[in-house]
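Scroll down for the structure; my scribbles are underneath it.
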There are 6 protein chains.
Amino acid sequence: MNKILFAVDPVASVADEALEWGAGLIVTHHPLYLRGTTTVAADTVKGALIHRLIRNDIALYTAHTNADVADPGVSDALARAVGLSGELRPLRPAPDDPHRGLGRVGELDTPLTLQEFADQAARGLPRTAWGLRVAGDPSLLVRTVAVSGGAGDSLLDTVHGADVFLTADLRHHPASEFMQSGAAGAGPALIDAAHWATEWPWLPQAAELLTSGLAAKGISVETRVSETVTDAWTTTAQCEE
Amino acid sequence: MNKILFAVDPVASVADEALEWGAGLIVTHHPLYLRGTTTVAADTVKGALIHRLIRNDIALYTAHTNADVADPGVSDALARAVGLSGELRPLRPAPDDPHRGLGRVGELDTPLTLQEFADQAARGLPRTAWGLRVAGDPSLLVRTVAVSGGAGDSLLDTVHGADVFLTADLRHHPASEFMQSGAAGAGPALIDAAHWATEWPWLPQAAELLTSGLAAKGISVETRVSETVTDAWTTTAQCEE
Amino acid sequence: MNKILFAVDPVASVADEALEWGAGLIVTHHPLYLRGTTTVAADTVKGALIHRLIRNDIALYTAHTNADVADPGVSDALARAVGLSGELRPLRPAPDDPHRGLGRVGELDTPLTLQEFADQAARGLPRTAWGLRVAGDPSLLVRTVAVSGGAGDSLLDTVHGADVFLTADLRHHPASEFMQSGAAGAGPALIDAAHWATEWPWLPQAAELLTSGLAAKGISVETRVSETVTDAWTTTAQCEE
Amino acid sequence: MNKILFAVDPVASVADEALEWGAGLIVTHHPLYLRGTTTVAADTVKGALIHRLIRNDIALYTAHTNADVADPGVSDALARAVGLSGELRPLRPAPDDPHRGLGRVGELDTPLTLQEFADQAARGLPRTAWGLRVAGDPSLLVRTVAVSGGAGDSLLDTVHGADVFLTADLRHHPASEFMQSGAAGAGPALIDAAHWATEWPWLPQAAELLTSGLAAKGISVETRVSETVTDAWTTTAQCEE
Amino acid sequence: MNKILFAVDPVASVADEALEWGAGLIVTHHPLYLRGTTTVAADTVKGALIHRLIRNDIALYTAHTNADVADPGVSDALARAVGLSGELRPLRPAPDDPHRGLGRVGELDTPLTLQEFADQAARGLPRTAWGLRVAGDPSLLVRTVAVSGGAGDSLLDTVHGADVFLTADLRHHPASEFMQSGAAGAGPALIDAAHWATEWPWLPQAAELLTSGLAAKGISVETRVSETVTDAWTTTAQCEE
Amino acid sequence: MNKILFAVDPVASVADEALEWGAGLIVTHHPLYLRGTTTVAADTVKGALIHRLIRNDIALYTAHTNADVADPGVSDALARAVGLSGELRPLRPAPDDPHRGLGRVGELDTPLTLQEFADQAARGLPRTAWGLRVAGDPSLLVRTVAVSGGAGDSLLDTVHGADVFLTADLRHHPASEFMQSGAAGAGPALIDAAHWATEWPWLPQAAELLTSGLAAKGISVETRVSETVTDAWTTTAQCEE
């Protein structure tokens, strides 16, 4: 088991990659059975994956909400990926440790317009078919940036001091109500990226931490970060203007 | 009150339009206080809207879930907008009436590839900054089409017989799990459009029904369908390939 | 907005008074929407009030449970009104401050019979059509007095050391069970007054606090305490003995 | 056990009466342990009553909500007591029987003013220290009368067609909101009587039904209706006008 | 997969037997994950079983509550095993089918004493270390017998017409309260057997039904009923009298 | 009331004994109405007991969960009865006192095999018809012993460090899953005794504490510990091997 594959989602295409490469362990961010199961029957999608992994001696390890709140964790890696190089603070600190918690907020070295920052974020994140969606005036000057890997709607009430909040899975009503509230004053802009893309930056960070941690114990492993895109959206359509 | 404005969302920009045009009534699809309120204070976003409407003698009427399940209703209008001209059935029929209910499913006159259908849908719906997101093989042949205006994740388990399901507000986990399930067999593709865009087609339909209904009673009104885009996302960003 | 009207209930007759006097603000103890609302439609009683206040530029501010537990608060004013001039303690102290909390208890300077105390309380409170109802032996000697403005049944288990408990909205079962428990020993008597009458004494106190607080900031306002009786009961009937 | 005492409340003074008269059974409307108990210890009020009844061979039988909805039941007796001689309908019919249910509504033979009707009701009900409280214009003409024995606030939404609703245990907020709603149109007036007084008229009716029912089986019993007032309020106080 | 092993519990010793015999399928009465799981990790007891079965190509099928209520089902087989040869009725019939449901009740051809019937039941059921526990007078005459395979405490209120109720997993409070209730009249006796022993008789019945059902479709399978005792209790201790 | 009878269960046979002996008070471990009651009617089993006790001037006092967690309490007495003479610690310490809590764990002076320990426990506990049931290898060496009087399944997750856990009312699924978990490593064995037998040892301890406590106040009482077996199971049956 000295080959370890890192990926966001435990899905068939990731298992294909593990098998082909000869991985003995897959580390994913998302659990296979987040809400539990009473069966792993081979005629279910997830059961089939279980059978395939067991038959091929591939273990599966999941680091989900513990990786979200770790220091450094999922949102630290995201913050670095979109260009925040300075100090970072959690958006919702853990009750028992102010350095851990959900989301991160920090400052850009140089202010950018919202459009410039969105373009920079797009370059820093892995590519998906649809990229990023931006809400707010493209010419708004952005300095303080809040980010949260994965679905971030529960953190909307923590970002009032930021100029922009980048996260994923924002739906119409929360995004619209948030922008209406800000319209009156100078509230933060929003950027919505693919859930997968916002969590992917954690993979190289986790691979590095594991490799060096094991090396310190004299154990040598080979790691690989999956580049398989597991965002569901594969293409787009748009009418002419 | 003989000027009536139709819009999806009861927001400030829609109130601006009503005021400018001299509307006496705004009919919206979304309610202002979906989860209730204990205050309409003028220093809240929604309270400010209430004050403004009352001071300017503009009434507000909401047709939400009743419009969703009506026959014809929100999803009928959506189905027509994306090119379904034949008979439509509800995806989840109302317990007491098989012709009413949530969502609609119907057949295209001529099969199209998934990409062709997505392009056709994009042309049929009002434009937003980001258009449509498509999951599935672009060359998949599509004939049976399911649609549901607004957030449609609760209907994912009703669309197994369709070739594609077009709706809004689909997030990573439901969309990804749905596509994984379908991968094994020949499950439906998904198209995600702006919540606002999927419900907008109902507005002209509702305006026409109200005008003719009142005319039959000898009442003459002037109606207008708002073209203000109330989708939150105003621009996009994408890295180069 | 330099004329401020104080009242217990935000009802039509109070709005009449505010309009006639030219108030710019009404401060009430009871909120308009205690349990929340999804509509302020003009064809509802409370919505009509909202429309009327907004059209006439009259603001509405509510101080409900914060006024109940304040020091001094609603029950302090009630205690003074029924003749307690010495030190007062809360019946149920706030967890974080022993001087704040629900209800008050204190000592009469001179003991009175229950009937004498009830007569004194009746003189100290604003008049309603039905006055006060008294449970217990009229000749019982009363020294320690517990009071709570508004519905006080939830405080019945806190008054065991008092000789009498004066509050409002006591119903048959709680009052009857409480008196049965006391019958065995020397438990407290009960006095039930109009909910409105027990909270009214707070109005002059609140008006005075606001006037002097604003004066200290150099702001001059005119205040008025509404004498409109908003107790529902307008008359009584009784058979001859 | 051929002497049976009927009373509203199972309290000490009723047990006194039963003991003195030599009753073998007390039939009450209210249960002793409505919310259940884990102890009948003699140092609790209700436990002491249990001990006393058992030691003196007095049984206790309760007819509570079954008597409320019976035909004839508690509200029929109340309706007759306040002067309704014609046909009566339930306010909230039982799902399985339109002649049974909570509350009753009927017509006066001759219209009366609200004050005249309240005086008539006061004469028809047993006397308490405080009589009846009336909300509404005393000169309002009353013909259709709704009544419900005991606490009737849950029936306020069923009495819209009546001119007056007589019940018990009405508190400030329900009574006030009900009267505000009616103020706009021609809504019903309210009369609030003692809970005990509104249920007492059922006692002679129940005694009569039991006596004749047993007589039909050849069993002769002696019944007595307790005239002990178990309303908690023993006197009143009022300031001079 | 033409060798099928039937067992009550999906545990390690049953997997041993399946492996040794070369079974392709195990059919058990109890599910492996009755309350669901989020992991099948190999370092958990149940996960280790999952890995072992998958690696050895052994499928697992569970027939739990559907087998309990079937006609014939688990309690039919139990009834026959303890000597009931006549007609059987469910103790708690299924709402939609009076012949299906939980538990069974029937008549012995010849009355036995309670002790004689317990001895007969012990001979009819598979042996466990502790046998049967009996509550009631050993000389009580028994004719009507109620049985329910597995934990039967929820059926105690359905067996009033029987002379004895044989089931499993009865604890002190339900058994004691049940026997106290019966003591006054002529209530049923109780017999408590091993949960495993009461459900085992269903195995040969199920094996027979499956074999003949498949044979009718031209499919030939070999079945075997596991005799591994999976009752937890392996021995007993008792002080001398 | 100077004669006090101690027993585990408040049942008819214990009342018989109290009556015969002339007790003025029964102290039991189990409450009569653990889940509450709304009636003590004489035609219910428990109501009949209430009537009988009151008519015969016998009081009933219950020490249930307070006795369970006391120091010394129910499980201390049980630990001594099965042969633990050294220091004892709670299995689940009370949040506010590490010396009180549920269950006890301690060390045997000399290691015994599981069978030897079970035999010793059987001799130390009062006799029931069925004795003790043992799960685990009879030759396992036992030194650390966990015990809990009464139903102990909720403590199964606290006994991992022990060699054996003796308690009562263990059912098939918890016992079986617990033994499966242990099978892999060296997990604790289980012993299941009668609920009554595991709590009985507390009775002499409680009688002694009460007698000496009252003697210290100059009050002399006579106590007796009931030897009536209130375990429901009166006999057993077993097939020949």
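The values are calculated or read from the model by the stated rules, or taken from the named source; none is laboratory data. Note that the structure is a prediction, hence the values are computed from the model and not measured. Positions of Cβ are generated from backbone atoms using ideal geometry, with glycine treated the same way; all protein chains shown enter the neighbour counts. What goes into the accessible areas is simple: the full protein's heavy atoms, side chains included, and nothing from ligands, DNA or RNA. Shrake-Rupley method; radii C 1.70, N 1.55, O 1.52, S 1.80 Å.
Please check: in the Gaussian network model of chain B (C-alpha springs, under 10 Å), which one of B:G218, B:G73, B:G161 has the largest mean-square fluctuation.
Looking only at B:G218, B:G73, B:G161, the largest GNM fluctuation is found for B:G218.
Let me cross-check C:H195: its accessible surface, 1.4 Å probe, with only protein heavy atoms counted, in Å² to the nearest 10?
Accessible area of C:H195: about 10 Å².
Report, to the nearest 10°, how far helix C:202-216 tilts away from the longest principal axis of the Cα atoms in chain C, using its own Cα long axis and a range of 0 to 90°.
The helix C:202-216 is inclined about 50 degrees to chain C.
Apply the Karplus parameterisation 6.51 cos²θ - 1.76 cosθ + 1.60, with θ equal to phi minus 60°, to every residue of region A:163-174 and state each ³J(HN,Hα) to the nearest whole Hz, in sequence, with x for glycine and proline.
Values per residue, Gly and Pro as x: 8, 7, 10, 9, 7, 9, 6, 7, 9, 4, 5, x Hz.
Build a GNM of chain A with springs between Cα atoms under 10 Å: which of A:V221, A:V69, A:V134 gets the top mean-square fluctuation?
Maximum fluctuation in the GNM of chain A, among the listed residues, is at A:V221.
With the crude spin-label approximation of a point 7 Å out along Cα→Cβ, what separation in nm comes out for D:V221 versus D:A41?
A separation of 3.5 nm, rounded to one decimal place.
Could you list the square roots of 5 times each eigenvalue of the Cα gyration tensor of region E:167-208, that is, the equivalent ellipsoid semi-axes, sorted largest first and rounded to whole Å?
29, 11, 5
Report the antiparallel proportion of the DSSP beta bridges in region A:71-193 as a percent, rounded to a multiple of 5.
Of those bridges, close to 60 percent are antiparallel.
For E:A189, which sequence-distant residues (separation of 5 or more, or a different chain) have an amide H within less than 5 Å of its own amide H, given hydrogens modelled in the peptide plane?
Those lying under 5 Å, H to H, from E:A189 are E:V164, E:F165.
Using a 1.4 Å probe on the protein heavy atoms only, what accessible surface does D:R100 show? Give it in Å² to the nearest 10.
80 Å²
Note down the net charge around E:I54, summing +1 for each Lys or Arg and -1 for each Asp or Glu among other residues with Cβ under 15 Å from its Cβ.
Every neighbour counted, the sum reads +3.
Under the rule of -39500 (n - 2.57) per DSSP H run of 4 or more residues, summed and divided by the residues of the protein assembly as shown, what mean residue ellipticity at 222 nm is obtained, to the nearest 500 deg cm²/dmol?
The helix-only estimate for the protein assembly as shown comes to -9500 deg cm²/dmol at 222 nm.
Calculate the radius of gyration of the Cα atoms of region E:163-236 to one decimal place, then report Dmax, the largest Cα-Cα distance, as a whole number, both in Å.
18.8, 59
What gaps in nm, shortest first, separate C:V221 from its twins in the other copies when you place the label 7 Å past Cα toward the beta carbon?
Result for C:V221, in nm, nearest copy first: 4.1, 6.5, 6.6, 6.6, 8.2.
Amide H of A:V142 versus every other amide H placed in the peptide plane: which residues, excluding those fewer than 5 positions away on the same chain, fall under 5 Å?
Close amide H contacts, sequence-distant or interchain: A:L112, A:T113, A:L114.
Roll a 1.4 Å probe over the protein chains and send me the accessible area per residue for region B:192-241 in Å².
50 Å²
Taking a ≥ b ≥ c as the square roots of the eigenvalues of the Cα gyration tensor of region F:89-135, is the shape rounded (a/c under 1.5), prolate (a/b larger than b/c) or oblate?
In terms of gyration-tensor shape, prolate.
Where q = 0.07, 0.14, 0.15 Å⁻¹, what log10 of I(q)/I(0) comes from the Debye formula for chain D, counting one point per Cα?
Those come out to -0.26, -0.95, -1.06, one per q.
Report, by chain and number, residues whose modeled amide H sits under 5 Å from the one on F:L25, excluding near sequence neighbours (fewer than 5 apart, same chain).
Long-range HN contacts for F:L25: F:K3, F:L5, F:A59.
Which residue of chain F is nearest the rotation axis onto chain B, counting by its Cβ, and what is the distance in whole Å?
F:E177, 15
To one decimal place, what Kirkwood hydrodynamic radius in Å is obtained for region A:4-56 from all pairs of distinct Cα atoms?
Averaging 1/r across every pair of different Cα atoms and inverting gives 11.4 Å.
Between copies, how far does the label point of A:T39 sit from its twins, in nm, shortest first, when each point is 7 Å from Cα along Cα→Cβ?
For A:T39, the inter-copy label distances come out at 2.5, 4.6, 4.6, 5.2, 5.3 nm.
Classify region A:71-193 as rounded, prolate or oblate, taking a ≥ b ≥ c as the square roots of the eigenvalues of its Cα gyration tensor: rounded when a/c is under 1.5, otherwise prolate if a/b is larger than b/c and oblate if not.
Rounded.
Shape of the protein assembly as shown from its Cα gyration tensor (a ≥ b ≥ c, root eigenvalues): rounded if a/c is under 1.5, otherwise prolate when a/b > b/c, or oblate?
In terms of gyration-tensor shape, oblate.
Would you kindly derive the ³J(HN,Hα) couplings of region A:146-153 from the backbone phi angles with the Karplus curve 6.51 cos²θ - 1.76 cosθ + 1.60 (θ = phi - 60°), listing them in order in whole Hz, with x for Gly and Pro?
For region A:146-153, the Karplus-derived couplings read 9, 9, 8, x, x, 5, x, 4 Hz, x marking Gly and Pro.
Specify the residue with the greatest mean-square fluctuation among A:T228, A:T37, A:T211, computed from a Gaussian network of chain A linking alpha-carbon atoms under 10 Å apart.
Residue with maximal mean-square fluctuation among A:T228, A:T37, A:T211: A:T37.
Could you give each residue of region F:234-241 its phi-based ³J(HN,Hα) in whole Hz, using Karplus coefficients 6.51, -1.76, 1.60 with θ = phi - 60°, and x for Gly or Pro?
3J(HN,Hα) across region F:234-241, in whole Hz: 9, 7, 9, 9, 8, 7, 5, 5.
Taking the 0 to 90 degree range and rounding to the nearest ten, how far is the long axis of helix F:114-124 tilted relative to the main principal axis of chain F, both from C-alpha atoms?
The two axes meet at around 10 degrees.
Provide a list, ordered by number, of residues in region E:121-138 showing at least 40 Å² less accessible area with every protein chain present than when their chain is taken on its own, using a 1.4 Å probe.
Correct list: E:A122, E:R127, E:R133, E:V134.
Along Cα→Cβ at 7 Å, what distances in nm separate the F:D16 label point from those on the other copies, shortest first?
4.3, 4.8, 7.8, 7.9, 9.1
Considering only DSSP beta bridges whose two residues both sit in chain E, what percent are antiparallel, to the nearest 5?
Looking only at bridges with both residues in chain E, the antiparallel portion is about 40 percent.
Find the Cα radius of gyration of region A:117-166, compare it with 2.2 N^0.38 Å by division, and give the number to two decimals.
1.17
Which whole-angstrom value gives the distance between the alpha carbon centres of region F:189-218 and region A:89-104?
One Cα centre to the other: 52 Å.
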